[in-house]
Structures are given as C-alpha cells and as structure tokens.
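In what follows, a structure is listed as structure tokens, so that the remarks can point back to it.
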Amino acid sequence: MSENKKKQVLSEKCLGIQPSGIRKFFDIVSEMKDAISLGVGEPDFDTPWHIRDEGIYSLEKGRTFYTSNSGLKELREEIARYMKRTQGIDYDPIREVFITVGGSEAIDLMFRAMINEGDEVLLPQPSYVSYLPCTVLADGVPVVIDLKEEKEFRLTAAELEEKITDRSKILVLPFPNNPTGSIMTREDLEEIARVCIEHDLYVLSDEIYGELTYGSTHVSIASLPGMRERTIVVNGFSKAYAMTGWRLGYACGPEEIIAQMVKIHQFAIMCAPTTSQYAAVEALRNGDEDVAMMREAYNQRRRFVVFKLREMGLPCFEPRGAFYVFPCIREFGMTSEEFATRLLKEEKVAIVPGTAFGDSGEGFLRISYAYSLDNLRKALGRLSRFVDRLREAEG
Amino acid sequence: MTTLTTLDEHVLAIIEKNSRINTKELAILLGTEEKEIRDSLVRLEENGVICGYHTMVDWDKTGVEKVTALIEVRVTPQRGKGFDEIAERIYKYPEVNSVYLISGGYDLLVSLEGKSLKQVSSFVTNKLSTLDTVIGTTTHFILKKYKDHGTIMTRKHEDQREMITP
C-alpha cells in the first residue's frame, strides 16, 4: 500500500477556482450578530400570496411528481407568451424554452453545452460571481472586459472588439447589471449586436433583472435583427416576483443549443421543482401588478439612496436597473475590502466590496436597496458618519 | 370627484401607509421638488381627498380595556331620504367608529367602540334599537384583531434573509 502513489482526491480544476469574494466577507459578517446589512442580492418582499397559495394548492392536489425534463408545458407556454408580449420574440414553447433551477443553472448549462476546450468567453466585469468559475469548469477561457465608470459600466463595441480573438465564442451580457445597476439601451445593444454578428459570437444574455428598470423598459438583445439565432436568454422568477428560494429560472434560444442544455439538465437535475413550476404559472398569469408595485417601491428607494450618497459626497452614477447602487470610495485611499471591513467593524453595516464582482470593482461598493426605507435610513446614516470620520482623520 | 395626477397617486399611496413622512423625503422618493409635494398635499386636503391623519394603535398590547363591536342593523328606508337620515342619526354618536351602507342581508354595518361589553350592549339596546326606523340588530364582538388597515397585528415582520448574498 505505502508504495502506491497517493491518490489526488480532488479535481485540480475545481481546486484552482477561487472561492467567491463574497463568501469571505460573509464569514466576517456572520460573526457580528447586531450588524445591519445593505448586502443582500435578493428582494425583501415576500413572494406575493396568490403565487405562494398556488404552490400550496399544487401540493394539496398531490402534484408532487417529476415534470418533463424541460418543465411543465403550460409554464413554457406562459414564458413564450411573456417573451412575445415584452420583447416581440417568438419562441416555440416545446423546443426553444426550458425550465431550470434558477437562472444560475441555465448559465452553467449554456457554457457546458457550447464550450470546447480553449474556447473563449468574453466576460464584462463587474458582474455576477458565477460566470467565471462556470466558464472554467466547462474548460473555457474567461476573457475579462473591464467596464468603466465613465461609461456608467455599459459595454461598448470598442471595448468588446479589443478583446476578440479567433477563439472568442460566447459574450456574456449581464444587464441590468448586478452589482452596478447599469443597463444597456437599444442603441448600446445595436452596436454590440453588430460586433457579435461580424465575429460570429454567441450571447448569453442574463436578463434576470429585466423587469427591474426605471424610466425605460428593458430591451433584450435577442429582439434585434440577426440576434435571436445566436442568443440564449436567461431569466427567472427570483427577482421580478421575489421568488429566490423557489429556485426557478428558464432559458430561451435556438433549438440546437437548448436541446444540448436540456440533455445535461436531464442527467444532472431531472427537472426543476414541481411546486415552484405551478407557482410560476400563476406568477406569469396574474403577477403583473405585483411586479409593478415592487418596481415602484424599488424606484423610490433608489432615488433615496442616490440622494443620500450624493449628500454625503460619495460619487455614483444614477443606476437605471436592478436594485443596486455602486458608489465610488477611491478618495479614502483604501481598497474596497478594507473600507467594507472597517465599516462593518466600526459602524456595524455590512456592504459588499465591489471587488467581489471582479477586479474592476476595486474602489467601489455594492449597496443593495432591497430593504425597507427605515433600514436604508439607518444604515446610510451610519455610513455617512463613517465617511465623515475618515475625512476628518485625513484633515 | 377629484382627478388625481400621477404624483398625487404616488403621494397618497405612500402617506396612506406612513403619514409621518415629511415633504422633503417624499420629494426625494418621488424624484420631484418639495414644492410640488406641498402643493399636492394642500390640494388633496382642500378637496377632502385626504380627510385625516390617524395613528394605528394596538390597544390589546396595553392594559387599557376596549371593546369593539360590529353591529348589523336592519332599517326601514324612508321615502325621499333612503338610508341617509338614519345613517346620520347613528354616526352622530361619538362612540360610533364607522357606518357603512351594505348590500345583502342587512342594511347598515356599524362599528362601535366602548369600554366594556356592558357599555356596548347598553348603547345597542337603549340607543340604536329604539330608533324609529330600526327593525333589528345583530351585535358581533371582536375577539382578536389579526389585521387592520393592511397592517398585520399579530406578528412583527422579520428579515429572514442571509446578511450577505451575491
């Protein structure tokens, strides 16, 4: 036995993946019992009662079995109708729409279905934490595009073109954006679409915050000419309907790609939770008013947070989507992590450092406004006090 | 009838839940000037759209004894006056909280607050039932308030989310 070479227990690929920066911060926060938080990436609203009730009703009716791998037909039909009425895109509910365990599963599946070893994934950052590790796990090569504050963290055609090589295959388009709150207008997207078509790029359009835009409605890149056939739209119920815990998302796109994604999903997951799927049918059929109510509440808080940040002299552009504000803290000469850690220790406010979403988040904080006004008022009051103290110390 | 602007509607929606919010903060939340908010409030008050600013009190959490009753009242409507005159006679009593004209099995729903069961029943037997046009009453005493004016009284809302999530 002793002569046998010791087995490498763990996958090197997996070991090579850095734990999420948010995780590290979470560990510090969890030791502080009385901290107040602006660090959460999910709605503060409960799932609307009629949607929960439909889930409960489905359990009472004994709908406790697997659904088809792709998900309930009636849910896929509702999603196809939703895509038609909001974006004007026709998807075949049978072959071009399928239900996943949260939007995150769809992200993972698209990479695994499309990437051959060495294919490059163009990844604008700051952005959600899972694109990069999922690319690596699928043997892809992440090519990060650092978004600029001057451009309000939008992606420009020039920035994209600069990073394109012969191996470029997928562009991740994470708008409305977590953590910056940035959105892409139709004109912004038209520029990107031109580059994608010219360089034969496929797009992973993560539209999970698509219902949460302020002052304009969300445009999906898949609705632009020539883009439907090269785009997988990822969306879900978590943010719009306050259904994070139900773990339900979906993907829409060309049959050729969707079929392969469903194949992996079938072996890894079987099907998304049945109860959640019944609740989601109700959400799409009768949930528009709830979404409008929550959007208005977020919009009011967004104005409040931006006002308060500017009042305390922290520069931030006006975010038009999701529920985050991304203020700049460069003037204090510390890293985002130092700032966030000191804020937590000295004022007991938990805010996620921008670097949790990529190196280009350095010098910024992600403030979530998915909180009651009272909570925002209190937490921002403490942040203001902290900022004043830092400035005083600097003289 | 008062036609509401979009701003009016938003102002009303907010202050219906929190009447203590100040005009400065309302202006920030709704992305407008404080003057616009003040003008809107003055107009809505003058038109009687805003008819009061009250405080919700959960007396059950105090030692103060209060009894609330809902009373169904059946009446004979009067020629030319319908139910208005009898409703007015009833709502003039200060202990009466609300009077609604109701469709269905009875006519008026009266809610009433008193210090004790005895006080409420004495009001019903001596004052309400003896009114000329009242044919009959049914009194329901409220045992527990679960939700009132859209506010859940029985439990506090707690944030059950993790402190930090991506």
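The values are calculated or read from the model by the stated rules, or taken from the named source; none is laboratory data. Because the structure is predicted, anything quoted here is derived from the model rather than measured. Ideal geometry is used to build each Cβ from the backbone, glycine not excepted, and the neighbour counts take in all protein chains shown.
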Any hit, the range A:362-371, residues being farther than 28 Å from A:VAL144 by Cβ, crowded, with 18+ Cβ neighbours inside 10 Å and in contact (Cβ under 8 Å) with a residue 12 or more places away in the chain: yes
Of all residues in the range A:32-90 being among the aromatic types (Phe, Trp, Tyr) and away from chain B (no Cβ under 14 Å), the one that is surrounded by the fewest Cβ atoms within 10 Å (Cβ to Cβ): A:PHE65
Conditions (1) within 14 Å of another protein chain (Cβ to nearest Cβ); (2) touching a Leu at 6+ places or on another chain (Cβ under 6 Å): number failed by B:MET163: (2)
Selection from the range B:93-150 of residues that are among the β-branched types (Val, Ile, Thr) and assigned to a helix (DSSP H, G or I): B:VAL120, B:VAL124, B:THR125
Subset of the range B:10-31 that is under 17 Å from A:PHE307 (Cβ atoms) and in a loop (DSSP other than H, G, I, E, B) - its residue that is nearest to the other protein chains (Cβ to nearest Cβ): B:GLY31
Lone qualifier among A:GLY140, A:GLY181 - being buried (at least 24 other Cβ atoms within 10 Å of the Cβ), within 15 Å of A:ILE107 (Cβ to Cβ) and more than 14 Å from every other protein chain (Cβ to nearest Cβ): A:GLY140
Every residue from the range A:105-126 that is within 14 Å of chain B (Cβ to nearest Cβ) and either hydrophobic (A, V, I, L, M, F, W, C) or touching a strand residue (DSSP E or B) at 6+ places or on another chain (Cβ under 7 Å) (or both): A:ILE107, A:GLN125
Complete set of residues in the range A:219-239 that are in a loop (DSSP other than H, G, I, E, B), under 12 Å from the mean Cα position of the chain (by Cα) and of a type in the set (Gly, Ala, Ser): A:SER238
Residue in the range A:266-275 that is surrounded by 20 or more Cβ atoms within 10 Å (Cβ to Cβ), in the same structural domain as A:THR100 (by TED's automatic domain parsing) and either modelled with pLDDT of 95 or more or more than 30 Å from A:ARG382 (Cβ to Cβ) (or both) present: yes
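The rows are residues; the columns are (1) without any contact (Cβ under 8 Å) to a residue 40 or more places away in the chain; (2) surrounded by 10 or more Cβ atoms within 10 Å (Cβ to Cβ); (3) farther than 30 Å from B:ARG79 by Cβ.
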residue: B:THR125; (1), (2), (3): yes, yes, no
residue: B:SER129; (1), (2), (3): yes, yes, no
residue: B:ILE135; (1), (2), (3): no, yes, no
residue: B:HIS140; (1), (2), (3): no, yes, yes
residue: B:ILE164; (1), (2), (3): yes, yes, yes
Residue that is surrounded by the fewest Cβ atoms within 10 Å (Cβ to Cβ), among those in the range A:299-358 that are among the small types (Gly, Ala, Ser), within 13 Å of chain B (Cβ to nearest Cβ) and part of a loop (DSSP other than H, G, I, E, B): A:GLY358
